[in-house]
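Nothing in this text is a laboratory measurement; each read-out follows from the coordinates by a stated rule. Just so we're clear, the structure is a prediction, and the values are computed from it rather than from any experiment. Neighbour counts are summed over all protein chains in view; Cβ atoms, including those assigned to glycine, are modelled from backbone coordinates with ideal geometry.
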Amino acid sequence: MMPTQNSLESPERDLTDASLREERERADREMTANRVALERDADAVVEHARENADAVMVAAREKADEKAGEKANGAELHDIQTAIAGDRESEDQALSDERAAADRSVRREREARARMLTRLLPLERDATDQYLLTERARSDDALATRDDFLGMVSHDLRDLLNGIVMSSQFLAQKLEKHTDSEKLLIETARIERYGTRMNRLIGDLVDVASIDSGKLAMHAVPGDVASLVAEAVDALQGSATSRGVSLEVQHAQGPAMAEFDQDRMLQVLANLIANSIKFTPKGGSIRVHCKSVGESFEFCVDDTGEGIPEAMLEAVFERFWQVGKNDRRGLGLGLYISRCIVEAHGGTIRAESSPGKGTRMLFTLPVSAAHNL
């Protein structure tokens, strides 16, 4: 069985947490770099101001010396210069001490701010993480309630739909000898078709809910891919015939073994073939084949239908994708679910097409896919 993922351990949340950690580390680096740059700029401004102040003071002293020299003779000049030098030395020492004290004060203030940020930042982040965990818990509860509700409703709806289909089948058997049997049989067949379509839509919704919660169950066992292709074609042969479309296995091969979930891979093939039937006009053809490519099998569903514009070849595998706004031939979930199933087996899926030239749907299945399930 595919391991059931706890919602708190889902790959999406792991990616979110990793992204949050990276963003925080980046923010820390940027904040540290910005703080260092600001401090460096502030130091440069202070140093520039000090250099200007020193230059002004030196110029003033030189001017004072010149005036003193003009007014005094040799002996007086020497005494004046000695006295001035002593005073200036004292002034310079006082200024140096004052600047050193100012620098220490600035460093202490910066260190205090850094310590405060170091203490506050984890508290802020803890609060953010707590809010995130609370919101996740609420989201988990909401999803669990939704999944439980959807499970109960889908179970009840399927019981009712199965009853409708069985009743229509019973009526069809009883109406074979009725005087207006042909018309009534057409109506009972229509009821069966509608019931089958509704059942399939419910199944798609349940599968999408399982995919979102990481609980899409898989059970890989050894199986024959040739038999898988034959079974899928046989199951949809009646639908293709009723629409006047030729459906057959191309290049049928002998037994070829691989490990896969039989029901899920049959679901993928059925989705691809059913899509081709919907979009292939009367008189068209659909060919299905499988071949070995390296360590994988490649499945191909080739039709002569309407084709898909190149720009939409990736979009067709997104959920709720429709050919057009008014297209109501399904919910647009079949190819999305098929992609999820194929990728869960370790394979890939893609489309090749151009408008008016048909479509080729291809997907791969590793010979041994059990380790991916």
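With contacts taken as Cα pairs under 8 Å and at least 6 residues apart, region 221-372 reaches a relative contact order of 25 percent. Charged side chains reduced to their Cβ positions (Lys and Arg at +1, Asp and Glu at -1) give region 221-372 a dipole of some 620 debye around its Cα centre.
Compute the distance in nm between two label points, each set 7 Å from the Cα along the Cα-to-Cβ direction, one at Ala37 and one at Asp140. If labels sit at Ala37 and Asp140, their model points lie 4.1 nm apart. Round to the nearest 0.05 the FRET efficiency obtained for Leu184 and Asp212 when R0 = 35 Å and r is the Cβ-Cβ distance. Efficiency, rounded to the nearest 0.05: 0.25. Whole-percent P(r), region 254-305, all Cα pairs, 10 Å bins from 0: 22, 46, 26, 6. Counting Lys and Arg as +1 and Asp and Glu as -1 over every other residue whose Cβ lies under 11 Å from the Cβ of Cys340, the net charge comes to 0.
According to the square roots a ≥ b ≥ c of the eigenvalues of the Cα gyration tensor, what is the shape class of region 185-240, taking rounded for a/c under 1.5, prolate for a/b larger than b/c otherwise, and oblate for the remainder? Taking the square roots of the gyration eigenvalues as a ≥ b ≥ c, region 185-240 is oblate. Working from Cα pairs under 8 Å separated by at least six residues, relative contact order for region 243-304 is 42 percent.
So what's the net charge close to Ser246: Lys and Arg +1, Asp and Glu -1, counting the other residues with Cβ under 13 Å from its Cβ? Net local charge, Ser246 excluded: 0.
Diffusion coefficient of region 221-372 by Stokes-Einstein, Kirkwood radius over Cα pairs, 10 °C, 1.306 mPa s: 102 µm²/s.
Amide H contacts for Phe260 (H built 1.01 Å from N in the peptide plane; partners 5 or more residues away or on another chain; cut-off under 5 Å): Val221, Gly223. For Ala83 and Ser105, a Förster radius of 35 Å and the Cβ-Cβ distance give a FRET efficiency of 0.60, rounded to the nearest 0.05. Add +1 for every Lys or Arg and -1 for every Asp or Glu among the other residues with Cβ under 10 Å from the Cβ of Thr280, and state the total. Local charge sum for Thr280: +1.
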